[in-house]
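Notes follow once the structure below has been shown.
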Amino acid sequence: MTGKSGKLVYEGERVAVPADEAFRAVEAVLTRAGCPDVTARIVADHLVDSGLSGVESHGVMRCLQYADQFLSGYMDPAASPIYDTDPVPIVDGQGGIGILAMHLAAQEAVAGARRTGVAAIAIRNVGHTGRLGAYAERIAEQGCLSIIIGGGGRENWRQVAPYGGRKALLPTNPYCIGMPGGLQGPVVLDFATAMIAGGWIYAARNAGARLPEGVLIDPDGMPSTDPEDYFRGGAILPAGGPKGYAMAVLAELIGEAMLGPATTEMNWLMVVLDTTRYRSASAIQDVAEEILAELRDCPPAPGFDRVQVPGERESDARRRARAEGLMLPAPTWRQILDAADG
C-alpha cells in the first residue's frame, strides 16, 4: 500500500502489522536498550495505542529514538518517577522516559481533584512523554477536565521559528485539553504549537518520505518538504502563524520562568478539575451529546465527507486499526525488527 498517511507524503510500501506483533517487537527493542520489563511493557503499550490512534509521529517508530536515547545516556532506562507534595505537587521523572511520569501525574491529579475539586501538578526531569491525548482520555473517562501544557526546553530543543523569523528558537510546546463528552466518549484537543510535531519529521526521515508543503523552512528560510532540511538547520513554522507562536511563548514562560530550568527535555504543568463539582456526570453527558450531535449533523463542506469533533479521528482510527493492523512504512518496520533482534 502506498500514499499519504497523517502528515507524511509517502509513496513507498506499507505493511499491515497486527497490534500484538508490534507490541512484542517494540517491547523487545526497549528491553534490549536496558528498560526493566514493566517499563518496556508500559511504553510499548502506549506507543502501539498511539499508532492505532493514527498518530504515527508518536507511534511505534518512537521506540527507535527512545532506544538511542537510553543507550546514549540522554534518558535513564531504569528510572522510576517520584511524586512529592513538598512544597508543591511535583512528579520528578528522575531523568527517565516521560510516559511513566505522565501516567503517575494523571493518577495523582485525578485523586487530588476528587478531594478538593482541582489539582495542579508539575512534571519535571523527564524525557519524551508520548501522546498527550492518551492521558487526557483516561482522565476524562474518570469525569475530569484536564489541561496539559509543556515548555521550557528551548536550550536543547530549538525546533520552531518565531512568527516572522527564520531561525529555530522554540520547542514545539504542546497543549492538550480533554473533558468528558457525549455517548461516544471524551472530547480531546491535542496539538503542537508548531505546524507539525517534531515526531513527524523523524517519521518522514525513517520512512524516506516527504513532509506536506507549508510546515518547514530550510536554513535560508525557504519553504521545503525535505525532512533533511530540518536537520541541516531549518525550522518548523508556528501553527496558525502568530496564534501558535503566542501559545508557544506562553508555554515556554510556564515551563521555564515558572517551573525552573528544564532537564532532559521540557517541563510540564497538568491541571485537573472534577467536572461533577458543577453538574452531575449524566447532565454533562446529556448536554455534551446534544452539542456534539448538532456539530456532527452539520452538512459537510466540499471535500469533506462529514464533520468530526476533537478526538473522534483517533477513536475512529483505533476501531479500523484493531481490525486491519498498523499500516507502517516498510523501512520503519524493518528497522524495528532489526533493533528487536539485536
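The values are calculated or read from the model by the stated rules, or taken from the named source; none is laboratory data. Treat the numbers as computed from the prediction; the structure is a model and nothing was measured. Don't worry about glycine lacking a Cβ; one is built from the backbone with ideal geometry, like all the others, and counts go over all protein chains shown. For the accessible areas, the whole protein counts, side chains as well, though only heavy atoms, and no ligand, DNA or RNA atoms are used. Shrake-Rupley method; radii C 1.70, N 1.55, O 1.52, S 1.80 Å.
Through the Karplus equation 6.51 cos²θ - 1.76 cosθ + 1.60, θ set to phi - 60°, convert the phi angles of segment 322-334 into ³J(HN,Hα) values in whole Hz; use x for Gly and Pro.
Each residue's phi maps through the Karplus curve to give 5, 8, 9, x, 7, 8, 9, x, 4, x, 5, 5, 5 Hz.
Filter the trypsin sites (Lys or Arg not before Pro) in segment 173-241 down to the DSSP loop ones having no more than 14 other Cβ atoms within 10 Å, then list what survives.
232
Counting only heavy atoms of the protein chains, get the accessible area per residue of the chain (1.4 Å probe) and round it to a whole Å² value.
45 Å²
Would you mind calculating the gained length between residue 337 and residue 283 on full extension (0.36 nm times residue separation, minus the Cα-Cα distance), in nm to one decimal?
Extending this stretch completely gives an extra 14.6 nm.
Show me the GluC sites (Glu not before Pro) within segment 203-277 that DSSP assigns to loop and that have at most 13 other Cβ atoms within 10 Å of their Cβ.
Those satisfying the criteria are 213.
Can you tally the net charge around residue 311? Count Lys and Arg as +1, Asp and Glu as -1, for every other residue whose Cβ sits under 9 Å from the Cβ of residue 311.
Summing Lys/Arg as +1 and Asp/Glu as -1 gives -3.
222 nm [θ] for the chain, helices only, -39500 (n - 2.57) per DSSP H run of 4+, per residue, to 500?
-12500 deg cm²/dmol, from helical runs alone.
Got a number for the accessible area of residue 84? Probe 1.4 Å, square angstrom, nearest 10.
80 Å²
Quick check: with the 1.4 Å probe, what order do 66, 163, 230 take by accessible area, largest first?
Listed by decreasing accessible area, they come as 163, 230, 66.
Rank 177, 90 by accessible area, highest first, at a 1.4 Å probe radius?
Ranked list, largest accessible area first: 177, 90.
Can you compute the charge dipole magnitude of segment 21-85 about its Cα centre, using +1 on each Lys and Arg Cβ and -1 on each Asp and Glu Cβ, nothing else charged? Give it in debye, rounded to the nearest 20.
Its charge dipole is roughly 120 debye.
Roughly what would the spin-label model give for residue 141 and residue 155, points 7 Å off Cα along C-beta, in nm?
Calculated label separation equals 3.8 nm.
Candidates (1) 16; (2) 11; (3) 22; which is the computed percent of Cα pairs over 39 Å apart?
Only one option fits the structure, namely (2).
At 7 Å along Cα-to-Cβ for each site, give me the label-to-label distance between residue 293 and residue 320 in nm.
Between residue 293 and residue 320, the label points sit 2.6 nm apart.
By its C-alpha gyration tensor, with a ≥ b ≥ c as the square roots of the eigenvalues, how is segment 99-248 shaped: rounded for a/c under 1.5, else prolate for a/b larger than b/c, else oblate?
It comes out prolate by the Cα gyration axes.
What percentage of the solvent-accessible surface of the chain, computed with a 1.4 Å probe over protein heavy atoms, is contributed by carbon and sulfur atoms?
Ligands and nucleic acids excluded, carbon and sulfur reach 55 percent.
What net charge do the residues around residue 152 carry, taking every other residue with its C-beta under 12 Å from that of residue 152, with Lys and Arg at +1 and Asp and Glu at -1?
Around residue 152, the surrounding residues sum to -2.
Dipole size in debye (nearest 20) for segment 180-324 around its Cα centre, Lys and Arg Cβ +1, Asp and Glu Cβ -1?
I would put it at about 280 debye.
Could you point to the residue in 160, 69, 122 farthest towards the positive end of segment 34-168's charge dipole, with +1 and -1 charges on the Cβ of Lys/Arg and Asp/Glu respectively?
Result: 160, furthest along the dipole toward the positive end.
Nothing charged except the Cβ atoms of Lys and Arg (+1) and of Asp and Glu (-1): what's the magnitude of the dipole of segment 61-192 about its Cα centre? Round to the nearest 20 debye.
Roughly 440 debye, rounded to the nearest 20.
Rounded, prolate or oblate: which fits segment 207-316, taking a ≥ b ≥ c as square roots of the Cα gyration tensor eigenvalues, rounded meaning a/c under 1.5, else prolate when a/b beats b/c?
It comes out oblate by the Cα gyration axes.
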